[in-house]
């Protein structure tokens, strides 16, 4: 008996699609885009955080503000001691030098005259106050 040998034909056959050139094109495109891509190095913000000692020093400076109290009767108090109108500028300068701070907080009584508050502002500005803030005590029941 004679055996017949069957020849297997490839699965692709003559009319099939060869994917090798397509893979080569995709690979070349991938290389092209990788080479032409620009990598930008984004720089963030540089933050200089204060150390613990600097934070404590800043808190100490906040506590050492120069406070000027103007009463309804037109009397002035600088740093807890009563001062006359003629000695107000000298007292403010001494308090600023002692506190090593040029910030002045003027606290006026709600019944104080406007001219007394302005006089305290002028005295503080004349001795070199760089910043001024105003504060009032609110009476109970008012907002």
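Structure notes:
- Selection within segment 72-106 - surrounded by 15 or more Cβ atoms within 10 Å (Cβ to Cβ), in contact (Cβ under 8 Å) with a residue 40 or more places away in the chain and closer than 13 Å to residue 120 by Cβ: 76, 105
Residue-by-condition table, conditions (1) at pLDDT below 85; (2) more than 18 Å from residue 105 (Cβ to Cβ); (3) part of a loop (DSSP other than H, G, I, E, B):
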site: 1; (1), (2), (3): yes, yes, yes
site: 7; (1), (2), (3): yes, yes, yes
site: 10; (1), (2), (3): yes, yes, yes
site: 27; (1), (2), (3): no, yes, no
site: 40; (1), (2), (3): yes, yes, yes
site: 50; (1), (2), (3): yes, yes, yes
site: 53; (1), (2), (3): yes, yes, no
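- Filter pass, residue 70 being at pLDDT 80 or above and in contact with a helix residue (DSSP H, G or I) (Cβ under 6 Å, 6 or more places away or on another chain): yes
The values are calculated or read from the model by the stated rules, or taken from the named source; none is laboratory data. Since we're looking at a predicted model, the values are computed, not measured. A quick note on method: Cβ atoms are made from the backbone with ideal geometry, for glycine too, and the neighbour counts reach across all protein chains shown.
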